[in-house]
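Let me begin by presenting the structure, written as structure tokens, before commenting on it.
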Amino acid sequence: MPSYEPVTALLRGLKVLEAIAETGAATIKSLHAATGIPKATLVRMLETLIHAGYVYSAGEQPRYALTARALSIAAGFDQGQHLLSVVGPMLSEFQKSLGWPSDLGVFDRDAMVIVGTSRQPGVLSVNRKVGSRVPAVKTALGRACLAFLPDAQRLAALHELRALTKEPKDIKRFEAELAAVRARGYAMSNQENLPSIRALAAPIFDMSGVVASLNIIIVAEAMSIDELQEKYAETLLSITEKMSATLRKAPIQK
């Protein structure tokens, strides 16, 4: 038996997270029924969990759901390591055959986190490494992830991004850009993040939805954005579709 009393507030917070995970999208009423916690207390707890980045809300009659941050903790594995354990061989083969730098990234609240890269020191004067955080709004890597989030989660993510990074300045306009990304199947960055580069990126999915994105980056002087699309878009979509199919079949590692 422990020699101390459990922290009641922590136990209640975990109970709320479990209730949200069980329903997928919960209301104050359903959480009250599931946990027995008073509604006023639930509101305070949910606002705290939203502030911490573990829960998001959407709608005039708010429904609450877990963010990727909470899901990665609940699943008990590192998302980046799990991705690489499943698609690593395909990623390595793709990057070796490409001839241009390529990054694999996951969205984490205010940025994209690089979990795999073929960049070498000096390449494009941008020395990204595993663990680097890059903008979500101005990069093809970030746009490819954001565009394919479920509607409510995407809207919540965009509002949080603006609060944390001041981007996107116009959420409605950016939503229109993301709609174009969904229509194409891939995102573009045309010297918007860095004037020296252009990039394409496509989303990668598992059974739960979009989990990552993969990019191709070229020197802007080497080709136009139209030439980049013509030469590499189908190749990029082909490899990300293969990765997604493999991830959907892969068991979650505990």
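Going through (1) within 22 Å of Lys96 (Cβ to Cβ); (2) at pLDDT below 95 one by one, Gln253 falls short only on (1).
Within the set Asp170, Asp151, the sole residue that is modelled with pLDDT of 95 or more and open to solvent by 40 Å² or more (accessible area, probe 1.4 Å) turns out to be Asp170.
Table: residues versus (1) at pLDDT 85 or above; (2) open to solvent by 30 Å² or more (accessible area, probe 1.4 Å); (3) under 30 Å from Gly13 (Cβ atoms); (4) in contact with a helix residue (DSSP H, G or I) (Cβ under 8 Å, 6 or more places away or on another chain).
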site	(1), (2), (3), (4)
Gly76	no, yes, yes, no
Gly80	no, no, yes, no
Leu83	yes, no, yes, yes
Pro101	yes, no, no, yes
Leu104	yes, no, no, yes
Arg119	no, no, no, no
Asn127	no, yes, no, no
Leu141	yes, no, no, no
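Only helices (runs of 4 or more DSSP H) wholly contained in the range 150-254 count here; list those with 1 or more residues that are more than 30 Å from Ala65 (Cα to Cα) and not small (Gly, Ala, Ser). It would help to see each step written out before you state the result.
Details: elements: 151-165, 171-184, 225-249.
By residue number, 225-249.
Within the range 187-196, is even one residue open to solvent by 80 Å² or more (accessible area, probe 1.4 Å) and under 17 Å from the mean Cα position of the chain (by Cα)? No, the conditions are met nowhere in the range 187-196. The set of residues from the range 42-58 being touching a helix residue (DSSP H, G or I) at 6+ places or on another chain (Cβ under 8 Å) and either open to solvent by 40 Å² or more (accessible area, probe 1.4 Å) or polar (S, T, N, Q) (or both) comprises Val43, Thr48, Tyr54, Ser57.
A quick yes/no check of all residues on (1) without any contact (Cβ under 8 Å) to a residue 12 or more places away in the chain; (2) under 22 Å from Phe94 (Cα atoms):
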residue	(1), (2)
Phe174	no, no
Ala179	no, no
Ala187	no, yes
Gln191	no, no
Ala201	no, yes
Ile204	no, yes
Lys231	yes, yes
Ile239	no, yes
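The residues of the range 24-41 that are in a helix (DSSP H, G or I) and either out of contact with any helix residue (DSSP H, G or I) (no Cβ under 6 Å at 6 or more places or on another chain) or hydroxyl-bearing (Ser, Thr, Tyr) (or both), listed by number, are Lys29, Ser30, Ala33, Thr35, Ala40, Thr41. Could you list, in sequence order, the residues of the range 173-192 that are of a type in the set (Ser, Thr, Tyr) and modelled with pLDDT under 95? Those that are of a type in the set (Ser, Thr, Tyr) and modelled with pLDDT under 95: none in the range 173-192.
Looking at Ile204, Ile218, which one is over 18 Å from the mean Cα position of the chain (by Cα), of a type outside the set (Asp, Glu) and open to solvent by less than 10 Å² (accessible area, probe 1.4 Å)? Break it down into steps so the answer makes sense when it comes.
Working: Ile204 fails: over 18 Å from the mean Cα position of the chain (by Cα).
It is Ile218.
Just one of the numbered conditions (1) among the aliphatic types (A, V, I, L, M); (2) modelled with pLDDT of 90 or more; (3) buried (at least 16 other Cβ atoms within 10 Å of the Cβ) is not true of Ile20: (2).
The values are calculated or read from the model by the stated rules, or taken from the named source; none is laboratory data. The structure presented is a predicted model; accordingly, all values stated were derived computationally and were not measured. Cβ sites come from the backbone with ideal geometry, for glycine too, and all protein chains shown count toward neighbours. Keep in mind that these areas ignore ligands, DNA and RNA; they rest on the heavy atoms of the full protein, side chains included. Shrake-Rupley method; radii C 1.70, N 1.55, O 1.52, S 1.80 Å.
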